[in-house]
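Report on one structure; see the data block that follows.
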Amino acid sequence: VGFSGEVAASIFISGGRKKVIVAVRDISDRLQMETQLRESETKYRQIFENIQDIFFQTDYAGNILEISPSIKR
């Protein structure tokens, strides 16, 4: 059985003896979510850059944050 993991290790001295603490964390779910997010962002970017209509996003003050490239046409 395999999984994606993150490992952290630390060495310290206790009672005159060197000791090591190692922690392993399964990050499979996080990696899967990051992959899904990247795929979603790619899909959004493709739609945004190819949309024929003008799409824009503003903040609450009305400042334009992003506007589609179709504005050039």
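Quick note: the coordinates plus some simple rules give every number you see, no bench work behind them. Just so it is clear, the structure is predicted and the values come from calculations on it, not from any experiment. Every residue, glycine among them, receives a Cβ derived from its backbone with ideal geometry; neighbour counts consider all protein chains shown.
Below are the figures for this structure:
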| read-out | value |
| --- | --- |
| Förster radius 35 Å - calculated FRET efficiency between ASP59 and ASP26, Cβ distance, rounded to 0.05 | 0.35 |
| With Cα atoms, 0 to 90° folded angle of helix 28-50 axis to the chain main axis | 20 degrees |
| Cα-based equivalent ellipsoid of the chain: semi-axis lengths in Å, sorted from largest, via gyration tensor | 50, 18, 8 |
| Label-point separation in nm, THR35 to ALA8, each point 7 Å along Cα→Cβ | 2.5 nm |
